Amino acid sequence: MRGRCMEAWKKNSVHTLDITGYTAEGLGVARLEGRVVFVPRTIAGERWKVRLEKVNKKMAWGRGVELLEASPERVEPDCPLFGKCGGCQFRHMTYAEELRAKRQRVADALERVGGVHLELPPVLGAEAPERYRNKVQFPIAPAPEGGAAVGYYRARSHQVFPVEDCLLQPETVTRLRRAFVQSAVELGLTAYNEGTGEGLLRHFYIRTNHRGEALCCIVANGTDLPEADRMVEALRSCEPKLMGVVLNVNTRDTNVILGPDYKLLWGQDYLEEELCGHTFRLSIPSFFQVNRAQTQRLYGLALDFAGLTGRETVLDLYCGIGTISLCLARRAGRVIGAEIVPQAVEDARANAARSGVENAEFFCGDAGAVAARLAEEGVRPDVICVDPPRKGLGPEVPAILAGMAPERIVYVSCDPATLARDVKRLEELGYCAQRAQSVDLFPRTAHVETVVLLVRQGKETAGLGEI
């Protein structure tokens, strides 16, 4: 028996497998001799002949070589880049199936990692699942045939390949990228080589807003851009709604995209965007969700879950440029925002002033440190809202939050696994998860956002609105 199992569990062996689910990255999951096999671009319910390409003791990664039974949710991918770049994971299935996969991912994480059993509604899908990204960062590298490759990384690699168009980005971005590449060739600008540290151009960054306006940033391995006026003219000629061009200086040996210094080449160094009734000014390093329409739904949920009556003190950690803070300020007595990025804090204060919000204040610092300092000063928020990065809350943060004894904690998450881990920590500290709702901010990718309401045990949730 063991011999047959070992024979099956060999690289390049081919097996007939049933796909039963999905990984967090959107890979299909099958089982062989009781062990897990991951197969990209497959759909739950399908049967495939699969070749094992990478094998270890507990799991394997395979490639589908023949589709034996197709799912009715299978569709022909509508992008020629699908499977080449690492951007999309779900273009081979219907959008409805994608939303089911995302709901299952969140439910599994909450139950298996967090020990939480909630009635999880269907994911709130996007009305427009294409061309929604309002920020794109193109890496630049030397092309094998010479010149510069400006595009995307191939899946699971640092190899850059040119991209003429992408269905996730606005057509404005496509036009600007094309003009940038042509101008860079005409000016003889070299691509940055990660191995040698030589070459000038590192990234081409484009931000857009819902009015179709654009802001460009050229990230360079140097303090100047030769003949910058010609580059600016090329970008302006292709896009009448271009509002500004900025040079970012990044001479460090690092994978971090942006360097610390900026130089305005033309126009303005920010864009304005409207969200939830407020106008936000976005500088190049500002964090802002890439899908405006779905972000409004997400933040509406966070406000709903907060259950505010107009008297509460609210602490908003990881507040960025104040997007959630200003939404909360409409219904709260006082809002305190904390963010570690100094420029974002400046933007948050300016955004509050621009919107005439006088009951919101912002502090710069690590979320845990700011919360601890406020606790020492006797600040006792009624509600705490957290919107942490993918890694979730720092290990010390849940205890600090619980020590402030808010009635409710609203957790906005971009990663189901760290969400579930943190929900479990908070439950151990006396906070019970009562509601959850996922929102699809990143259609066609494996990412999903979720809002969870945690209530201090013994407290009621009366007054919370319906979604």
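A quick yes/no check of all residues on (1) among the basic types (K, R); (2) out of contact with any Cys (no Cβ under 8 Å at 6 or more places or on another chain):
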{"site": "Y205", "(1), (2)": "no, no"}
{"site": "R211", "(1), (2)": "yes, yes"}
{"site": "T251", "(1), (2)": "no, yes"}
{"site": "G259", "(1), (2)": "no, yes"}
{"site": "E273", "(1), (2)": "no, yes"}
Inset, instruction - Would you point out which residue out of L225, L315, L235 is part of a strand (DSSP E or B), farther than 30 Å from G125 by Cβ, over 22 Å from the mean Cα position of the chain (by Cα) and hydrophobic (A, V, I, L, M, F, W, C)? - result: L315
Inset, instruction - Can you confirm whether the stretch 86-105 contains a residue that is surrounded by fewer than 16 Cβ atoms within 10 Å (Cβ to Cβ) and either more than 25 Å from the chain's Cα centre (by Cα) or among the basic types (K, R) (or both)? - result: no
Inset, instruction - Note down all Cβ pairs under 6 Å where the first residue falls in the stretch 142-169 and is closer than 21 Å to V185 by Cβ and assigned to a loop (DSSP other than H, G, I, E, B), the second is modelled with pLDDT of 85 or more and not acidic (D, E), and they're at least six residues apart or on different chains. - result: A143/A149; V163/G151; V163/Y152; D165/T174
Legend entry - Residue satisfying all of: in the stretch 46-57; out of contact with any strand residue (DSSP E or B) (no Cβ under 6 Å at 6 or more places or on another chain) and surrounded by fewer than 17 Cβ atoms within 10 Å (Cβ to Cβ); modelled with the highest pLDDT among these: N56
Inset, instruction - Could you check how many residues of the stretch 318-334 are of a type outside the set (F, W, Y), touching a residue at least 60 places away in the same chain (Cβ under 8 Å) and either in contact with a Ser or Thr (Cβ under 6 Å, 6 or more places away or on another chain) or part of a loop (DSSP other than H, G, I, E, B) (or both)? - result: 2
Inset, instruction - Among what's in the stretch 195-218 and is surrounded by fewer than 17 Cβ atoms within 10 Å (Cβ to Cβ) and touching a residue at least 40 places away in the same chain (Cβ under 8 Å), pick the residue that is farthest from L282 (Cα to Cα). - result: G197
Inset, instruction - Could you pull out the residue among E428, E361 that is out of contact with any strand residue (DSSP E or B) (no Cβ under 9 Å at 6 or more places or on another chain) and surrounded by fewer than 24 Cβ atoms within 10 Å (Cβ to Cβ)? - result: E428
Legend entry - Matching entry among K102, K57, K84 (being farther than 30 Å from E130 by Cβ and among the basic types (K, R)): K57
Inset, instruction - Please work out which one of (1) under 17 Å from Y411 (Cα atoms); (2) assigned to a helix (DSSP H, G or I); (3) at pLDDT 95 or above is the condition A293 fails and give its number. - result: (1)
Legend entry - Selection from the stretch 367-384 of residues that are in contact (Cβ under 8 Å) with a residue 24 or more places away in the chain, assigned to a helix (DSSP H, G or I) and over 18 Å from V341 (Cβ atoms): A372, L374, A375
Inset, instruction - Search the stretch 98-115 for residues being aliphatic (A, V, I, L, M) and either in a helix (DSSP H, G or I) or touching a Cys at 6+ places or on another chain (Cβ under 9 Å) (or both), and hand back the single one that is nearest to L426 (Cα to Cα). - result: L110
Legend entry - Meets criteria (surrounded by fewer than 19 Cβ atoms within 10 Å (Cβ to Cβ) and either of a type in the set (A, V, I, L, M) or more than 17 Å from the chain's Cα centre (by Cα) (or both)) for R175: yes
Legend entry - Residues that are at pLDDT below 95 and either surrounded by fewer than 16 Cβ atoms within 10 Å (Cβ to Cβ) or of a type in the set (D, E, K, R) (or both), drawn from the stretch 119-152: E119, A128, A143, P144, E145, G146
Inset, instruction - Scan the stretch 399-418 for residues that are touching a helix residue (DSSP H, G or I) at 6+ places or on another chain (Cβ under 8 Å) and within 29 Å of A101 (Cβ to Cβ) and report the count. - result: 7
Inset, instruction - Of the conditions (1) within 29 Å of L167 (Cα to Cα); (2) of a type outside the set (S, T, Y); (3) touching a strand residue (DSSP E or B) at 6+ places or on another chain (Cβ under 6 Å); (4) not in a loop (DSSP other than H, G, I, E, B), V36 clears all except one; give me its number. - result: (1)
Legend entry - Given (1) within 21 Å of Y205 (Cβ to Cβ); (2) aliphatic (A, V, I, L, M); (3) free of Cβ contacts under 8 Å to residues at least 60 places away in the same chain, index of the condition A107 fails: (1)
Inset, instruction - Could you grab me the full set of residues in the stretch 277-309 that are among the aliphatic types (A, V, I, L, M) and either under 17 Å from Q137 (Cα atoms) or surrounded by 19 or more Cβ atoms within 10 Å (Cβ to Cβ) (or both)? - result: L282, I284, V290, L298, L301, A302, L303, A306, L308
Inset, instruction - From the list L52, L17, L81, L67, pick out the single residue that is part of a strand (DSSP E or B), closer than 29 Å to Q159 by Cβ and touching a Gly at 6+ places or on another chain (Cβ under 8 Å). - result: L52
Legend entry - Qualifying residues in the stretch 368-392 (those that are aliphatic (A, V, I, L, M), in contact with a helix residue (DSSP H, G or I) (Cβ under 7 Å, 6 or more places away or on another chain) and at pLDDT 95 or above) - the one surrounded by the fewest Cβ atoms within 10 Å (Cβ to Cβ): V383
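The values are calculated or read from the model by the stated rules, or taken from the named source; none is laboratory data. Remember, predicted model here, so these are calculated numbers, not experimental data. For neighbour counting, all protein chains shown are included, and Cβ atoms are generated from backbone atoms with ideal geometry for every residue, glycine included.
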